[in-house]
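Only one structure is covered here, and it is reproduced in the block below.
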Amino acid sequence: MASMRDIKRRRASIQSTGQITKAMKLVSTVKLQKSRTKAESSKPYFDMMYETIALMLSKSGNINHKYLRAGSTEQKAVIAITSNRGLAGGYNNNIVKLIVGSAELKPETTKVYAIGRKGRDSLARKGYQIAEDYSEVINEPIYQDASDLTAELLDAFGRGEIGEIYLAFTSFKNTVVHTPTLIKLLPFTMEAAGADQEEAPKAQALMNYEPNEEDVLDMIIPKYMSSLIYGALQEAVASENGARMTAMDAATSNAEEMLGKLELQYNRARQGSITQELTEIIAGANAIG
């Protein structure tokens, strides 16, 4: 059995850790309320943006546009959204596993545009090339960040440096459910665009573009990409705070449980010490008598 001094030292250490995890839980709870409001209020807009682009392309016939056909290179790009801090359960590791487990995103043919140091470091250790690091973006995402990243990716896509663009993020469902998600941004496939065509009438008028389809898609698709990336950033921030709140709540509960067990051990050790002292005193008195 551990000595009373060891138990007291361990109990003090766990109490200190429990206070830290409890404080972190409270901070994450406040941040979650703010980020959840942003994610939930902006989600309908980004969903509608995707549905609108899909509907346009489903009614456009066979359009030969640079954003609708795969590039000639096998190189692919993935935007990996994780966090800059740990202590969030499996939040960061789930995104890393999602990318590593994808059949399309092999280390030798994939460039990572990292948003979040945790994912950046983990993917680099697994052999992925880190093309750009935008880790500071996740601290306070704004739409301009998504727009700048979109412009850089589209430039690389236009130059033929990458043939496909993917987005890996954690979709926010509710406080405790966060789903790692991988979507393909470009080229925008007609299969995805026609996903809802079953419910629509078979005979549809073709979409008319003014001044022409090339100019319209050159303007619309970058906005579609920026919208999805910004929406993913908002959901990722909410998911991170939710995951950290849950992890810190579990850590605090574990600390309290451990303190309860240590309290029992301490009381038993103290009782044993008192019993031993009494036995020694009685034995000494009997010897003198």
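Here are the numbers:
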quantity: In the stretch 83-112, the residues that are part of a loop (DSSP other than H, G, I, E, B) and without any contact (Cβ under 8 Å) to a residue 24 or more places away in the chain; calculated: GLY101, ALA103, LYS106
quantity: Selection status of ALA54, surrounded by 18 or more Cβ atoms within 10 Å (Cβ to Cβ), assigned to a loop (DSSP other than H, G, I, E, B), touching a helix residue (DSSP H, G or I) at 6+ places or on another chain (Cβ under 6 Å) and among the aliphatic types (A, V, I, L, M); calculated: no
quantity: Considering residues of the stretch 24-51 that are closer than 30 Å to MET207 by Cβ, buried (at least 17 other Cβ atoms within 10 Å of the Cβ) and not hydrophobic (A, V, I, L, M, F, W, C) only, the residue farthest from the chain's Cα centre (by Cα); calculated: TYR50
quantity: Hits in the stretch 204-261 (condition: in a loop (DSSP other than H, G, I, E, B) and either closer than 30 Å to ASP6 by Cβ or touching a Gly at 6+ places or on another chain (Cβ under 7 Å) (or both)); calculated: LEU206
quantity: Residue that is nearest to SER226 (Cα to Cα) [pool: residues in the stretch 47-65 that are touching an Asp or Glu at 6+ places or on another chain (Cβ under 9 Å) and at pLDDT 80 or above]; calculated: GLU51
quantity: The stretch 229-245, subset over 11 Å from the mean Cα position of the chain (by Cα) and under 16 Å from LEU167 (Cβ atoms), residue surrounded by the most Cβ atoms within 10 Å (Cβ to Cβ); calculated: ILE229
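The values are calculated or read from the model by the stated rules, or taken from the named source; none is laboratory data. Bear in mind that the values here come from a model prediction, so they are computed numbers and not experimental data. Please note: Cβ atoms are built from the backbone with ideal geometry, for glycine as well, and neighbour counts cover all protein chains shown.
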